[in-house]
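In what follows, a structure is listed as structure tokens, so that the remarks can point back to it.
The values are calculated or read from the model by the stated rules, or taken from the named source; none is laboratory data. Please read these numbers as outputs of a predicted model, since none were measured by experiment. Cβ placement follows ideal geometry from the backbone for every residue including glycine, while neighbour counts extend to all protein chains displayed.
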Amino acid sequence: MRITEKDVLYVAALGNLELDAAETARFVADLDSILSYVEKLNELDTSAVEPMAQVLYDAPETLTWRDDHERPGFPQEKSLANAPERGAGQFKVAKVIER
Amino acid sequence: MGATKSTADILEALKEKYEPVIGLEVHVQLLTRSKIFCACSTRFGDPPNTNTCPVCLGLPGALPVLNREAVAKAVKAALALNCRVNRLSRFARKNYFYPDLPKGYQISQFDQPLAEHGWIVIRTGEGPQGGIEKRIGITRLHLEEDAGKSIHDGYPDSYEKTYVDLNRSGVPLAEIVSEPDLRSSEEAYDYLTRLKQILLYLGVSDCNMEEGSLRCDANVSVRPRGQKEFGVKTEVKNLNSFRYLQRALDYEIGRQAQVLDGGGKIEQETRLWNTQTQRTMGMRSKEYAHDYRYFPEPDLLPLVVSEAWQEEIRQTIPELPDAKQRRFIEGYGLSTYDAEVLTATQELAGYYEQVAGKSGDAKLAANWVMVELLGALNAAGKTLAESPVSPEALAGLLELIRDGTVSGKMAKGVFERMFAGGASARAVVAELGLKQITDDDEIRRVVRQVIAANPKQLDQDLGGKKSLEGFFVGQVMKATRGQANPPKVNELLKKEVERAAADIFFTRHNEIHSTAYAFVRNGSPPEPDLIYADKAGKEFGVEVTRTYLNKGEAKFLWDKARKKQGSPQVWTSGVISQPDQVYEGTLLNAVLAKGQKIYSGAPPWLIVVFEYPLGDTSEANMIANSVAAKLKETLSPFAQVWALWQVTNVLTAQYEIFRLT
């Protein structure tokens, strides 16, 4: 096994996830099998291939941007439509504790 | 002395022992109309959450599209900061959780930034020389989006709630990271000032700290002086004003030095500057390793900046502060300090150049812009753009100074009126009836009045006890309400005092020799200075000269005249051990010096005003005879040479005259 319980808990902490023991064990197994499957790709020699993060790598420059024109945004009401709680035209969240 | 050292002393000692190493991370908002990845407005101060859309709200499925103008402005900044712009750079996701970051990641650049390896030159230290130049490296400049704004205070439920406004979310930023080349809080201040100045010149950001368009974090470490390796650093955040920057850095430097000096260790952490307590405080995040899990942003293509585009942008870079300063020094003959002040902003430099060009006197323009204009703006709390005096108007005033219409002193009063009322210099001058009096006859008339009204001062002046030139000039300026041309006043005052001396001389001469010589007019060169005539109207020229003794001689002779003993030191001085010889020598030299000139018409008379009084006439007579004997041997252009003396212990006449030839 390449993925340990510690790895899972670390990633969970970064993702703000609370996992119980059963979930942790399941993720260890799941992540491990996913990574093992991907591992298969390493059987190919890709040393001469540039890593590709985006498709359309060779796109002409002009495809990658827009001109600096502004457009009206959502009305405030719409912007806040999904807010669980709101006040003074703003999203309201539980007091932020710096972490 | 067993006095306890003050905190300041301890900090000063630690400063000697430890050297700070500082690098700055500066975020500037790029001046665009729309956000970096969507078309929402970047306007500051709009109602909260009104400049938002699915992209900057982080709604699922929304895709970012890069704003070309943001890239252009960042490239412009990078080129001006001497960076190498990478042809290909890449956006990356920086993952972290915070309520003002709705996507859960910030789109930034990581291992392939837009530009690298730049530098700027700072001038550290104050003074007219402008301090020492130092090159500060710039590690990188990259593009990223801003987060929203969290408001932690000010609402009734702020104790348990944080309010979030996402108008800022997605505003384009350039992050500019310096090398750890800064060695003091002053250098950090100078670097940030210079950086801001360049960015303002470029017009890529308004650098407004209050509105958050310029923000600064610092990496700080200290090491014992002489050590090569860097110490452990802390990151200090929240340095959002120039004032706080230096204070926070000084605090953090002092804190680290104290920890190290006490044998402790610096913990690598993020610290927040607290403006209330004036301290940096460790943030609670320190127990969590920062793991942003950067990975390439799959929704954005790699950013390609072609050579051609770079070149196109390079053409738009204006003359930068350094080059402008050099041009001001070389082209206008300004000092380094003056050039630095006048190039502080493009607006000021532009204003100055207009004044210099239109007035035709670059140095005069520099003085007036720096002293009067900036002083008045400062006092009125106005910006240059709000100045009631335009460059043309100021140049107009300088023209009036240059053509002699107003004196420099009068011009200050005129400027005040122009600043208060916005009128032109000519209008103010006309309104106040101001006009510098440059007419010789007019000034001479006033000078004569002043001399006639102050006979006591004239006696003191001619007696050599003290120079009353300053007094007379002051009286003349007062009588003309400051409008007389000062160099003219000085010139004419000298002439008129001589004329007054001549009148005294002829009054005495007429008494003794029953003559009726009287003043007729001033001569005009090559005529002698004064023209007198006898009863029959026969004119003759008169020249007047005045003699001076040096200070030591004068004091000694004054003491002698008042029957005081000279001090032993004075007596031993060879120069004046023989007071009569001193008198003789001085008098003789005065006559001979005057004899060099050539006058038109018949040989004139020469009157030497001898400014140090003798005790009595017999002593004066003796010296006069002695000088006369010596003058016989020399050729003189004068018909007669006379000495005019103040004699101290003669009852009837204050002045006595002696013929020398």
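Given B:ALA500, B:ALA484, which one is under 26 Å from B:ASP403 (Cα atoms), surrounded by 19 or more Cβ atoms within 10 Å (Cβ to Cβ) and either out of contact with any helix residue (DSSP H, G or I) (no Cβ under 9 Å at 6 or more places or on another chain) or outside the structural domain of B:PRO388 (by TED's automatic domain parsing) (or both)?
One residue alone meets the criteria, B:ALA484.
Would you check if A:ALA59 is modelled with pLDDT under 85, facing chain B (nearest Cβ under 7 Å) and over 23 Å from the mean Cα position of the chain (by Cα)? It is true that A:ALA59 is modelled with pLDDT under 85, facing chain B (nearest Cβ under 7 Å) and over 23 Å from the mean Cα position of the chain (by Cα). Report yes if B:PRO113 is part of a loop (DSSP other than H, G, I, E, B), more than 9 Å from chain A (Cβ to nearest Cβ) and not small (Gly, Ala, Ser), otherwise no. Considered against the rule, which asks whether it is part of a loop (DSSP other than H, G, I, E, B), more than 9 Å from chain A (Cβ to nearest Cβ) and not small (Gly, Ala, Ser), B:PRO113 comes out as yes. None of B:TYR294, B:TYR351 is outside the structural domain of B:GLU392 (by TED's automatic domain parsing) and modelled with pLDDT of 90 or more except B:TYR294.
The rows are residues; the columns are (1) closer than 18 Å to B:ALA77 by Cα; (2) surrounded by fewer than 19 Cβ atoms within 10 Å (Cβ to Cβ); (3) among the hydrophobic types (A, V, I, L, M, F, W, C); (4) not assigned by TED's automatic domain parsing to the domain that holds B:GLY350.
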{"position": "B:LEU195", "(1), (2), (3), (4)": "yes, no, yes, yes"}
{"position": "B:LEU202", "(1), (2), (3), (4)": "yes, no, yes, yes"}
{"position": "B:LEU214", "(1), (2), (3), (4)": "yes, no, yes, yes"}
{"position": "B:SER221", "(1), (2), (3), (4)": "no, no, no, yes"}
{"position": "B:PRO224", "(1), (2), (3), (4)": "no, yes, no, yes"}
{"position": "B:LYS228", "(1), (2), (3), (4)": "no, yes, no, yes"}
{"position": "B:LYS233", "(1), (2), (3), (4)": "no, no, no, yes"}
{"position": "B:SER241", "(1), (2), (3), (4)": "no, yes, no, yes"}
{"position": "B:GLN246", "(1), (2), (3), (4)": "no, yes, no, yes"}
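Across the range A:10-27, a minimum of one residue is classified as of a type in the set (Ser, Thr, Tyr) and more than 28 Å from B:GLN112 (Cβ to Cβ).
Across the range B:447-473, what is the number of residues that are under 37 Å from the mean Cα position of the chain (by Cα) and either closer than 11 Å to B:LYS494 by Cα or surrounded by 13 or more Cβ atoms within 10 Å (Cβ to Cβ) (or both)? Please lay out each step first, then the result.
We begin by selecting, within the range B:447-473, every residue under 37 Å from the mean Cα position of the chain (by Cα); these are B:447, B:466-473.
Keeping just the survivors that are either closer than 11 Å to B:LYS494 by Cα or surrounded by 13 or more Cβ atoms within 10 Å (Cβ to Cβ) (or both) gives B:447, B:468-469, B:471-473.
Total meeting the criteria: 6.
Taking B:ASP190, is it over 28 Å from the mean Cα position of the chain (by Cα), in the same structural domain as B:LYS134 (by TED's automatic domain parsing) and acidic (Asp, Glu)? Against the criterion (over 28 Å from the mean Cα position of the chain (by Cα), in the same structural domain as B:LYS134 (by TED's automatic domain parsing) and acidic (Asp, Glu)), B:ASP190 does not qualify.
Of the listed requirements (1) at positive phi; (2) surrounded by fewer than 16 Cβ atoms within 10 Å (Cβ to Cβ); (3) over 38 Å from the mean Cα position of the chain (by Cα), B:GLY58 misses just one: (2). The number of residues in the range B:385-418 being at pLDDT 85 or above and either surrounded by fewer than 15 Cβ atoms within 10 Å (Cβ to Cβ) or over 20 Å from B:ALA362 (Cβ atoms) (or both) comes to 4. Buried (at least 23 other Cβ atoms within 10 Å of the Cβ), within 14 Å of chain A (Cβ to nearest Cβ) and among the aromatic types (Phe, Trp, Tyr): is that true of B:TYR163 in this structure? It is true that B:TYR163 is buried (at least 23 other Cβ atoms within 10 Å of the Cβ), within 14 Å of chain A (Cβ to nearest Cβ) and among the aromatic types (Phe, Trp, Tyr).
Kindly indicate which of B:ILE266, B:ILE317, B:ILE253 is more than 14 Å from chain A (Cβ to nearest Cβ), farther than 30 Å from B:PRO60 by Cβ and surrounded by 19 or more Cβ atoms within 10 Å (Cβ to Cβ).
Working: B:ILE266 fails: surrounded by 19 or more Cβ atoms within 10 Å (Cβ to Cβ); B:ILE317 fails: surrounded by 19 or more Cβ atoms within 10 Å (Cβ to Cβ).
Result: B:ILE253 is the single residue among B:ILE266, B:ILE317, B:ILE253 that is more than 14 Å from chain A (Cβ to nearest Cβ), farther than 30 Å from B:PRO60 by Cβ and surrounded by 19 or more Cβ atoms within 10 Å (Cβ to Cβ).
A:LEU31 fulfils the conditions (1) within 14 Å of chain B (Cβ to nearest Cβ); (2) at pLDDT 90 or above except for a single criterion, (1). I'd like to check something: does the range B:291-310 contain any residue that is more than 30 Å from B:GLY422 (Cβ to Cβ), of a type outside the set (Val, Ile, Thr), away from chain A (no Cβ under 14 Å) and buried (at least 19 other Cβ atoms within 10 Å of the Cβ)? Taking every residue of the range B:291-310 in turn, none turns out to be more than 30 Å from B:GLY422 (Cβ to Cβ), of a type outside the set (Val, Ile, Thr), away from chain A (no Cβ under 14 Å) and buried (at least 19 other Cβ atoms within 10 Å of the Cβ). For the range B:61-100, a residue qualifies if it is surrounded by fewer than 22 Cβ atoms within 10 Å (Cβ to Cβ), within 11 Å of chain A (Cβ to nearest Cβ) and closer than 30 Å to A:GLY15 by Cα, and the qualifying residues are B:PRO64, B:VAL65, B:LEU66, B:ARG90, B:ARG93, B:ASN95, B:TYR96, B:PHE97, B:TYR98, B:PRO99, B:ASP100. Is it the case that the range B:347-369 has a residue that's surrounded by 17 or more Cβ atoms within 10 Å (Cβ to Cβ), out of contact with any Leu (no Cβ under 7 Å at 6 or more places or on another chain) and within 12 Å of chain A (Cβ to nearest Cβ)? The answer is no; no qualifying residue exists. Examine the range B:22-30 for a residue that is in contact with a helix residue (DSSP H, G or I) (Cβ under 7 Å, 6 or more places away or on another chain), in contact (Cβ under 8 Å) with a residue 12 or more places away in the chain, assigned by TED's automatic domain parsing to the domain that holds B:GLU145 and not aliphatic (A, V, I, L, M), and state whether such a residue exists. No, the range B:22-30 contains no residue that is in contact with a helix residue (DSSP H, G or I) (Cβ under 7 Å, 6 or more places away or on another chain), in contact (Cβ under 8 Å) with a residue 12 or more places away in the chain, assigned by TED's automatic domain parsing to the domain that holds B:GLU145 and not aliphatic (A, V, I, L, M).
Taking only the range B:325-351 into account, find how many residues are among the hydroxyl-bearing types (Ser, Thr, Tyr), within 21 Å of B:SER387 (Cβ to Cβ) and touching a residue at least 24 places away in the same chain (Cβ under 8 Å). Lay out the reasoning, then the answer.
So in the range B:325-351, the residues among the hydroxyl-bearing types (Ser, Thr, Tyr) come out as B:332, B:335-337, B:343, B:345, B:351.
Adding the requirement that they be within 21 Å of B:SER387 (Cβ to Cβ) leaves B:332, B:343, B:345, B:351.
Remaining after also requiring touching a residue at least 24 places away in the same chain (Cβ under 8 Å): B:332, B:345, B:351.
Qualifying residue count for the region: 3.
Entry remark, the range B:23-58: residues being at the interface with chain A (Cβ under 8 Å from one of its Cβ atoms), more than 29 Å from B:ALA218 (Cβ to Cβ) and in a loop (DSSP other than H, G, I, E, B) number 10 in total. Counting only strands (runs of 3 or more DSSP E) that fall entirely inside the range B:502-615 and contain at least 3 residues that are within 22 Å of B:PHE658 (Cα to Cα), of a type outside the set (A, V, I, L, M) and modelled with pLDDT of 85 or more, the qualifying elements are B:539-546.
Annotation note: of B:VAL476, B:VAL497, the sole residue that is in a helix (DSSP H, G or I), closer than 26 Å to B:GLN640 by Cα and of a type in the set (A, V, I, L, M) is B:VAL497.
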